[in-house]
There are 2 protein chains.
Amino acid sequence: MFESAEIGRSIDKATFEAEEPALREALLEAQYELKQQARFPVIVLINGVEGAGKGETVKLLNEWMDPRLIQVSTFDIQTDEELARPPAWRYWRQLPPKGRMGVFFGNWYSQMLQGRVHGKFKDAVLDQAIDGAERLERMLCDEGALIFKFWFHLSKQHMKARLEALKDDPLHSWRISPLDWQQSKTYDKFVRYGERVLRRTSRDYAPWYVVEGVDHYYRSLTVGRILLEGLQAALASPQRTQLQPHAAPLVSSLDNRGLLASLDMTQALSKDDYKEQLATEQARLSGLMRDKRMRKHALIAAFEGNDAAGKGGAIRRVTGALDPRQYRIVPVAAPTEEERAQPYLWRFWRHIPARGKFTIFDRSWYGRVLVERVEGFCSQADWLRAYGEINDFEEQLTNAGVILVKFWLAIDQQTQLERFKEREQIPFKRFKITEEDWRNRDKWDDYGDAVGDMVDRTSTEIAPWTLIEANDKRFARVKVLRTINEAIEAAFARD
Amino acid sequence: MFESAEIGRSIDKATFEAEEPALREALLEAQYELKQQARFPVIVLINGVEGAGKGETVKLLNEWMDPRLIQVSTFDIQTDEELARPPAWRYWRQLPPKGRMGVFFGNWYSQMLQGRVHGKFKDAVLDQAIDGAERLERMLCDEGALIFKFWFHLSKQHMKARLEALKDDPLHSWRISPLDWQQSKTYDKFVRYGERVLRRTSRDYAPWYVVEGVDHYYRSLTVGRILLEGLQAALASPQRTQLQPHAAPLVSSLDNRGLLASLDMTQALSKDDYKEQLATEQARLSGLMRDKRMRKHALIAAFEGNDAAGKGGAIRRVTGALDPRQYRIVPVAAPTEEERAQPYLWRFWRHIPARGKFTIFDRSWYGRVLVERVEGFCSQADWLRAYGEINDFEEQLTNAGVILVKFWLAIDQQTQLERFKEREQIPFKRFKITEEDWRNRDKWDDYGDAVGDMVDRTSTEIAPWTLIEANDKRFARVKVLRTINEAIEAAFARD
């Protein structure tokens with residue numbers, strides 16, 4: 001969930017300064033239009049890691065926009081007035097009216113996260129708080145509110161570097177708050193519970209936006225753009241009640257540096273290394289699948305990837321190690337008539353392996369947010385709600401002991417072209433290349449955005465995505481096998 | 001929540017036999033239309049108290065309709081197959097396809113209720129299960145499913161009478177299952193947790209229908225009618241995705257015997273009794289409000305009722321006992337401009353009393369499901385979702401220590417007419433009677449239905465409705481005061 005906010009996204013000063021004036025003007029204009037229409041309020045929730053630029057961003061928004069129409073509320077320690085009433089009262093009294101924007105700094109999410117991180121309660125009570133937040137937000141959106149939820153993020157490494165840099169600098173060490181020092185100790189917990197909260201409360205009508213906070217230019221431009229696009233879409237929409245989904249959450253390519261672009265595609269294995277490592281990993285998998293601890297678990301591997309990235313070959317290397325009674329491969333193509341008569345996830349639920357078994361999905365439930373999204377096979381509302389449904393589905397699987405590994409096999413455009421051409425040359429491979437493959441290739445960037453969003457919204461601690469650099473098939477196959485083995489061993493270690 | 005399913009609703013045999021053939025025919029027709037359109041599946045959940053006719057009703061549906069298009073699933077003890085997979089798998093594999101109807105007998109609700117009643121877990125885990133059920137149902141409805149949730153109910157008294165009657169009858173004692181005996185012991189818990197589940201999972205797109213199970217004719221006709229109306233509305237609606245609300249849940253007047261009609265309106269107090277009891281209750285209230293245990297609580301009284309039912313007079317008798325610094329009266333009329341710029345409940349949140357204080361709402365947040373519903377001031381979707389929002393609001397209040405009492409002051413039509421005429425005669429009361437009052441009077445039955453639905457959906461253990469027989473003003477005033485006093489004492493006793 002935070003992967004693409006840990007790759008050190010940045011924008012250079014010149015680009016920022018070139019873009020800023022137009023963005024400011026458009027934001028101001030949207031703000032006045034909001035006031036004019038007075039049809040709905042805007043609520044901006046600010047959360048995330050300390051030191052990731054939350055305060056600076058709110059300050060900047062006030063500079064960029066008309067501060068008379070923005071009301072910033074900080075919810076810190078409860079006042080006497082607030083303590084004498086139900087907890088939600090403090091939020092209700094600060095709600096912005098229609099036509100205005102309210103920035104909630106320290107809000108219902110900060111409270112529940114602090115409580116959980118400091119061990120004041122367990123997951124079940126956290127989930128009750130999450131549920132309460134969801135009810136509140138659903139009601140607000142049903143009443144027309146437009147809600148933006150921002151999570152400002154820093155990798156642990158970046159956070160530590162920042163603290164180190166500041167601490168020895170007499171001019172700036174005051175910038176480190178006690179909260180910062182505290183968080184450097186609780187970072188892992190904070191991020192883990194943060195992920196649980198984000199996973200369960202990201203809804204199509206009130207999604208989370210994760211923003212990497214290292215670079216001030218990147219961070220500011222990203223937040224400004226998300227606000228602007230969301231505002232403009234809502235202002236243009238004739239109706240604003242009944243849980244309107246946000247506009248597509250697409251700002252990932254702002255620094256031309258998506259998650260996929262951050263992969264090192266030159267990684268490769270020599271033939272000899274490959275032979276040796278493949279044999280080792282296959283033997284390891286075979287042993288693990290026969291281990292008696294496997295009786296408590298089932299294994300699911302989902303394979304997605306670019307066309308011609310080598311999914312089939314990788315799957316064959318996985319199954320090569322196994323007894324056919326242990327596994328099943330489910331190729332996912334267009335749904336059958338029977339499947340079309342059921343909810344979307346039904347076709348996957350029917351193939352869930354029993355304990356001790358292994359199911360390999362050759363393409364998966366992610367089709368909804370990949371091909372169906374890009375090709376328009378389902379409505380925007382459908383694929384936007386799919387992220388939440390998928391996270392919920394995968395949580396049910398892992399709660400029941402399923403070990404779930406998800407692969408995106410990535411190749412670059414040049415490699416794909418070469419493989420397509422090669423396939424056309426070889427008679428027995430010709431069936432593998434169709435007109436459709438060439439058409440998909442034209443949508444390379446759309447697929448890239450869809451993959452970025454997919455990873456941002458569905459790579460979770462309980463079911464992380466593994467991106468496989470697959471320009472070199474040998475490297476890819478070994479990495480796939482090794483990832484599966486490591487996931488099984490990690491599950492055994494947790495038992 | 002179960003009040004109107006404990007008044008012994010029944011229909012005579014002749015009425016039933018007169019209605020049955022047309023209902024059967026219409027149900028069959030709807031069923032074939034459903035198959036023809038094949039646009040959505042229908043899922044019927046059967047829950048409730050043992051012995052309230054769950055099994056008989058399912059049997060009857062199979063007789064009435066074409067059983068080839070109905071698939072009845074019982075979820076009892078999990079099979080080996082099911083135990084080896086995530087808990088929801090058993091439900092997914094039994095989902096009816098589009099065009100068909102699935103009856104789920106013993107479902108996710110039965111499991112969570114059994115677990116809670118038998119102390120396998122506490123409320124926080126129950127709430128997690130509730131949340132899971134809600135996610136599942138929202139997803140199903142987003143995918144187009146039409147869900148009916150029936151709760152078959154018997155009052156404790158009726159349940160006991162039934163067991164007694166059967167036990168000595170050699171021909172029928174076999175009808176008593178071990179579950180029945182068990183439930184006669186756990187009835188109170190079962191109903192208490194059942195209410196929590198119903199309150200939190202009744203949504204406009206998948207509402208609960210509570211059906212009193214004593215009389216087989218009433219029960220069967222009620223279920224048949226609800227199914228028919230819901231089916232017909234869904235079949236006629238062009239679109240069936242994105243959480244369509246159910247048609248108005250209006251079948252309460254089936255036996256011409258709503259909750260209001262079951263009140264004994266002849267109750268009265270003599271002048272002397274009134275004087276004495278009024279003084280007693282006022283003194284009691286005054287003492288309770290000054291009690292130091294009150295520092296942990298706030299008190300809210302919401303007054304609703306027919307026009308001219310005597311709300312104002314009753315409120316004056318309540319405040320008569322108190323120091324003006326202790327209480328505040330909030331008269332609720334049309335919302336101000338400022339209030340219209342906020343979510344519906346905002347105007348009530350702003351008046352929530354601090355601990356130790358008392359707020360009296362002269363009309364309340366129930367306006368949404370009363371006057372706004374009847375007069376069409378808000379959309380059907382808006383008032384349908386209001387029940388859930390109100391329950392959520394009131395749960396927050398009571399969780400924070402607020403003692404909440406809600407009154408419906410009921411008078412009959414004749415009494416209202418007399419009071420209207422009297423008001424027109426007396427100069428200083430003339431301002432109290434307007435054209436609008438006469439217009440409201442024409443909608444007497446609509447208001448009656450709205451009150452019935454309101455009580456069914458929002459009278460909860462934590463915030464029950466009290467219906468006040470107000471033909472006699474003296475009786476009404478004393479009952480109001482006594483109810484408030486008893487609520488405060490009950491809260492103190494729970495501390």
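The values are calculated or read from the model by the stated rules, or taken from the named source; none is laboratory data. What you see is a predicted model, and the numbers here were worked out from it, not measured in a lab. Here the Cβ is made from the backbone with ideal geometry for all residues, glycine too, and neighbour counts use every protein chain on show. Keep in mind that these areas ignore ligands, DNA and RNA; they rest on the heavy atoms of the full protein, side chains included. Shrake-Rupley method; radii C 1.70, N 1.55, O 1.52, S 1.80 Å.
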(request) Might you check whether a residue that is at pLDDT 90 or above and small (Gly, Ala, Ser) occurs anywhere in the range A:56-74? (result) no
(request) Please work out which one of (1) surrounded by fewer than 16 Cβ atoms within 10 Å (Cβ to Cβ); (2) not in a helix (DSSP H, G or I) is the condition residue A:404 fails and give its number. (result) (1)
(request) Can you work out which of the residues in the range A:113-123 that are part of a helix (DSSP H, G or I) and open to solvent by 20 Å² or more (accessible area, probe 1.4 Å) is nearest to the other protein chains (Cβ to nearest Cβ)? (result) A:123
(request) Return a yes/no flag: does the range A:434-442 have any residue that is buried (at least 18 other Cβ atoms within 10 Å of the Cβ) and either assigned to a helix (DSSP H, G or I) or of a type in the set (S, T, N, Q) (or both). (result) yes
(request) Taking only the range B:138-149 into account, find how many residues are in a helix (DSSP H, G or I) and acidic (Asp, Glu). (result) 1
(request) With respect to residue A:6, determine if the residue is open to solvent by 50 Å² or more (accessible area, probe 1.4 Å), at negative phi, among the charged types (D, E, K, R) and in contact (Cβ under 8 Å) with a residue 24 or more places away in the chain. (result) yes
(message) Checking residue A:90 against (1) among the charged types (D, E, K, R); (2) open to solvent by 20 Å² or more (accessible area, probe 1.4 Å); (3) more than 29 Å from the chain's Cα centre (by Cα): exactly one of these is not met. Which one?
(response) (2)
(message) Name the residue that is nearest to residue B:16 (Cα to Cα), counting only residues in the range B:49-87 that are open to solvent by 60 Å² or more (accessible area, probe 1.4 Å), hydrophobic (A, V, I, L, M, F, W, C) and away from chain A (no Cβ under 14 Å).
(response) B:72
(request) Scan A:100, A:90 and give me the residue that is modelled with pLDDT of 90 or more, within 14 Å of chain B (Cβ to nearest Cβ) and over 30 Å from residue B:129 (Cβ atoms). (result) A:100
(request) Can you work out which of the residues in the range A:300-338 that are in contact with a Pro (Cβ under 9 Å, 6 or more places away or on another chain) and surrounded by 14 or more Cβ atoms within 10 Å (Cβ to Cβ) is nearest to residue A:449 (Cα to Cα)? (result) A:300
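Could you tell me whether the range A:329-344 includes any residue that is polar (S, T, N, Q) and either at positive phi or in contact (Cβ under 8 Å) with a residue 12 or more places away in the chain (or both)?
No, the range A:329-344 contains no residue that is polar (S, T, N, Q) and either at positive phi or in contact (Cβ under 8 Å) with a residue 12 or more places away in the chain (or both).
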(message) I'd like to check something: does the range B:88-102 contain any residue that is closer than 24 Å to residue A:123 by Cα and not in a helix (DSSP H, G or I)?
(response) yes
(message) Checking the condition within 30 Å of residue B:132 (Cβ to Cβ) and in a loop (DSSP other than H, G, I, E, B), which residue from A:489, A:461, A:389, A:395 passes?
(response) A:461
(message) Regarding the range B:440-448, can at least one residue be identified that is more than 14 Å from every other protein chain (Cβ to nearest Cβ) and more than 19 Å from residue B:308 (Cα to Cα)?
(response) no
(request) Would you be able to say whether some residue in the range B:409-416 is in contact with a Phe, Trp or Tyr (Cβ under 7 Å, 6 or more places away or on another chain), more than 28 Å from residue B:327 (Cβ to Cβ) and assigned by TED's automatic domain parsing to the domain that holds residue B:312? (result) yes
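So that you can scan it fast, the table gives a plain yes or no per residue for (1) within 22 Å of the chain's Cα centre (by Cα); (2) in a strand (DSSP E or B):
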residue	(1), (2)
B:111	no, no
B:136	no, no
B:151	yes, yes
B:159	yes, no
(message) Regarding the range A:196-214, can at least one residue be identified that is among the hydroxyl-bearing types (Ser, Thr, Tyr) and in contact with a Cys (Cβ under 6 Å, 6 or more places away or on another chain)?
(response) yes
(message) Against the condition more than 27 Å from residue B:388 (Cα to Cα), modelled with pLDDT under 90 and in contact with a Lys or Arg (Cβ under 8 Å, 6 or more places away or on another chain), how does residue A:105 come out, does it pass?
(response) yes
(request) Please name all residue pairs, on different chains or six or more residues apart, with Cβ atoms under 7 Å, provided the first residue is in the range A:13-40 and is more than 14 Å from chain B (Cβ to nearest Cβ) and among the hydroxyl-bearing types (Ser, Thr, Tyr) and the second residue is open to solvent by 90 Å² or more (accessible area, probe 1.4 Å) and assigned to a loop (DSSP other than H, G, I, E, B). (result) none
(request) Considering every residue within the range A:28-46, establish whether at least one is assigned to a loop (DSSP other than H, G, I, E, B), open to solvent by 10 Å² or more (accessible area, probe 1.4 Å) and among the hydrophobic types (A, V, I, L, M, F, W, C). (result) yes
(message) Anything in the range B:23-38 that is within 11 Å of residue B:64 (Cα to Cα) and of a type in the set (A, V, I, L, M, F, W, C)? List them, or say none.
(response) B:23, B:26, B:27, B:28
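Does residue B:481 meet the test of being modelled with pLDDT of 85 or more, outside any strand (DSSP E or B) and among the hydrophobic types (A, V, I, L, M, F, W, C)?
Yes; evaluated as a whole, the condition is true for this residue.
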